[in-house]
1. How many of the residues making up the range A:130-157 are in a helix (DSSP H, G or I) and more than 14 Å from chain B (Cβ to nearest Cβ)?
2. If you scan the range A:84-98, which residues turn out to be touching a helix residue (DSSP H, G or I) at 6+ places or on another chain (Cβ under 7 Å) and over 18 Å from A:ARG125 (Cβ atoms)?
3. Considering only residues of the range A:76-96 that are in contact with a strand residue (DSSP E or B) (Cβ under 7 Å, 6 or more places away or on another chain) and open to solvent by 40 Å² or more (accessible area, probe 1.4 Å), which is farthest from the other protein chains (Cβ to nearest Cβ)?
4. Which of the residues spanning the range A:117-129 are open to solvent by less than 70 Å² (accessible area, probe 1.4 Å), within 9 Å of chain B (Cβ to nearest Cβ) and either hydrophobic (A, V, I, L, M, F, W, C) or in contact with a Pro (Cβ under 8 Å, 6 or more places away or on another chain) (or both)?
5. On the given criteria, is B:ILE376 open to solvent by 20 Å² or more (accessible area, probe 1.4 Å) and either out of contact with any strand residue (DSSP E or B) (no Cβ under 8 Å at 6 or more places or on another chain) or modelled with pLDDT of 90 or more (or both)?
6. Which one is farthest from the other protein chains (Cβ to nearest Cβ), of the residues in the range B:397-434 that are hydrophobic (A, V, I, L, M, F, W, C), over 16 Å from the mean Cα position of the chain (by Cα) and surrounded by 12 or more Cβ atoms within 10 Å (Cβ to Cβ)?
7. Of everything in the range B:78-110 that's open to solvent by 20 Å² or more (accessible area, probe 1.4 Å) and farther than 26 Å from B:PHE380 by Cβ, which residue is farthest from the chain's Cα centre (by Cα)?
Amino acid sequence: MSEVSGTAEQIQSAIQDREIIQIRNMHKWFGDFHVLKNINLTVNNQERIVVCGPSGSGKSTLIRCINRLEEHQKGQIIVDDIELTNDLKKIDLIRQEVGMVFQSFNLFPHLTVLENCTLGPIWVRQTPKTEAEDAAMHYLERVKIPEQAQKYPGQLSGGQQQRVAIARSLCMSPKIMLFDEPTSALDPEMIKEVLDVMVELADTGMTMLVVSHEMGFAKTVADRVIFMDEGEIIEQNDPHQFFDNPQHDRTKLFLSQILAH
Amino acid sequence: MNLNETNTAATYPIGQHPSMPPPAAERGIIKWLNINLFNTWYNSIATVLGLYFLYLIIPPAFDWVLGSATWEASSNKDCRAGAGGACWGFIRARFVLFMYGFYDAESIWRPNLAGILLVALAIPVLVPKIPGTRFFAIPLIFLYPWLAISLLVGPIKITLFSDPAFLVLWIVLIISLVFLGFRGIKTNNLAKRGLGFSLAYVAIILIYLNWGLGLAPMETNRFGGLLLTLVLAITSIVVSLPLGIVLALGRRAESLPVVKYFCIGVIELFRAVPLITVLFMAVNMIPLFLPQGYSFDNLVMALIGLSIFFGAYMAEVVRGGLQAIPKGQFEAAASIGLNYYKSTGLVVLPQALKIVIPGIVNTFIAMTKDTSLVMIIGLFDILMITKSSITDAKWLGLEWEGYAFVGLLFWVLCFSMSRYSQWLERRLDTERRN
């Protein structure tokens with residue numbers, strides 16, 4: 001019995017030992033403004049990371065560099081063993097493996113919810129339409145809004161739209177999910193329904209990189225919390241150490257501001 | 001009507017008051033008249049004056065157009081001898097001229113057939129409620145233009161294709177291109193597939209045009225009247241929209257500076273010169289660039305000039321729509337793995353074009369009316385035909401009738417486009433319900 005579980009544990013740790021994102025000495029400028037300074041970050045498979053920090057610290061820019069929505073000028077980014085350069089084919093490959101959820105949802109308003117979800121699989125992975133629709137309905141059930149499949153995004157509430165956005169990204173079966181402040185544009189009642197979906201997603205073993213101010217979510221789900229300020233990674237630690245025992249002054253200042261209420 | 005009158009019929013317990021219709025003065029046409037026309041003393045006077053002006057104008061106009069009109073005439077003497085109203089006999093006597101220009105009178109069935117086919121194919125495509133939108137779009141786009149050319153103009157002699165000896169060569173070429181296309185499907189090679197099938201299609205079309213249904217050839221300078229106006233308007237509409245979309249997308253291609261500046265050059269050049277200049281230059285300068293012995297006729301020149309000119313206008317209209325799409329849409333499309341072409345075609349363009357339907361249709365309507373400028377290069381569109389008809393000695397003095405008729409024709413064309421676009425917008429809005 002212990003031999004069997006030992007092997008399962010070994011397999012599990014082998015899966016998780018793999019470094020799925022490697023960022024080495026990465027710098028980025030917007031014109032003359034040095035927005036990301038010497039970023040060194042390794043993300044393991046199935047790891048859940050929450051990135052926090054004050055406005056303008058570069059956290060959104062960092063995760064947008066991972067799927068090439070922003071270009072880095074110096075350093076290396078390697079996603080799933082593919083290096084991120086100007087090669088369009090590699091960029092497209094990486095984008096198929098990395099899903100992204102935006103603060104402003106960015107659903108396609110001229111398509112129904114179901115069509116939003118099947119657009120990627122049909123046109124990028126050449127999936128036949130019925131198969132894509134079945135998969136889309138499966139993911140819509142996972143985010144608990146299967147009955148909205150034929151509606152247009154304009155007819156849904158914010159929380160429902162964000163859940164559709166999550167389902168849309170999941171339909172491409174990505175290995176990594178990036179979340180750029182997913183709940184910042186939502187009413188408090190809707191934040192919970194989206195966070196529940198994200199917790200369930202984390203439980204299934206998805207690698208997640210979440211930029212968020214939801215510290216409760218970080219405490220529940222995160223394997224690691226990263227604090228960024230002015231373009232640098234100041235501190236990273238597991239949630240207990242991070243919240244109870246911050247090392248740097250800037251981290252302490254930020255935590256005192258954000259946990260005040 | 002005392003609006004303060006209360007209904008003293010009954011009182012109801014709380015929470016059980018039934019919904020009742022409003023009193024008569026509060027609804028319907030009487031209310032509308034009260035509010036809009038008679039609400040103050042000066043509005044009431046203005047209403048009465050307005051009604052009086054209408055009384056002065058409408059009945060005499062009606063009488064001129066219909067009441068005392070002359071419906072049969074063979075010269076303006078008959079018109080003067082008539083009841084004194086409009087002389088529509090003038091239009092009827094020269095009807096073929098107005099409608100088809102100098103087209104051979106026995107062959108009128110050819111443009112008629114082309115027109116009927118166009119309507120039959122276009123209606124399922126333009127009116128989505130009628131089934132078969134996609135099914136009819138393919139013959140409409142890929143087969144109908146060549147059929148229409150063969151009907152209207154007859155066979156077009158293209159030297160390389162008419163020699164029978166060459167014909168065998170061309171057939172061999174076409175078969176090999178089709179094979180290339182099928183190989184491309186098997187090996188999933190987009191380039192082979194696209195190149196093979198499109199070149200085969202071009203070759204087949206060129207051979208077909210040469211033979212052209214075996215009808216008698218009709219020179220294009222015999223086109224005139226409504227036929228010419230419609231040929232010019234429809235062709236330039238159909239060509240300028242895709243051309244404008246391509247130019248607009250090219251102008252926004254930041255990563256390809258050669259393409260970008262070429263598109264800016266084309267757009268700014270053609271927008272900066274008057275259409276008349278473009279037409280003149282097309283007719284006089286393009287033949288200088290062609291090898292000896294080749295000549296394009298004036299109609300083709302006019303079509304090329306009109307299409308590029310309005311393509312440039314359309315490009316800026318489309319660019320306005322592209323600018324209105326939030327950056328997040330591009331980012332979301334990119335993040336699910338759609339490349340530039342797929343995200344533009346599936347996400348960006350459907351939204352952008354829907355936003356600028358008013359601008360696009362506006363440009364279409366302006367195009368339809370600007371086709372009259374081809375009179376500069378000697379083509380007899382409907383306006384020119386009218387002008388030359390009323391200066392004919394037999395029909396002097398009938399300007400009103402002539403221009404009223406032309407005005408009516410243009411009004412029908414342009415107003416139909418306007419109504420269709422409003423219907424299309426309403427339909428697309430109910431789908432989105434944003």
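The values are calculated or read from the model by the stated rules, or taken from the named source; none is laboratory data. Note that the structure is predicted; figures quoted are calculated from it, not measured. Note that we place each Cβ from the backbone using ideal geometry, even for glycine, and neighbour counts take in every protein chain shown. Note: accessible area is taken over every heavy atom of the protein model, side chains too, but ligands, DNA and RNA are not part of it. Shrake-Rupley method; radii C 1.70, N 1.55, O 1.52, S 1.80 Å.
1. Here the count works out to 11.
2. A:LEU84
3. Ranking the qualifying residues of the range A:76-96, first place goes to A:GLN76.
4. A:LEU119, A:VAL124
5. Answer is yes for this residue.
6. Residue satisfying both the conditions and the ranking: B:LEU398.
7. Ranking the candidates gives B:ALA81 first.
Here's the yes/no breakdown for (1) in a helix (DSSP H, G or I); (2) closer than 21 Å to B:LEU424 by Cβ:
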{"position": "B:GLY85", "(1), (2)": "no, no"}
{"position": "B:GLY89", "(1), (2)": "yes, no"}
{"position": "B:ILE108", "(1), (2)": "yes, no"}
{"position": "B:VAL119", "(1), (2)": "yes, yes"}
{"position": "B:LYS129", "(1), (2)": "no, yes"}
{"position": "B:TRP146", "(1), (2)": "yes, no"}
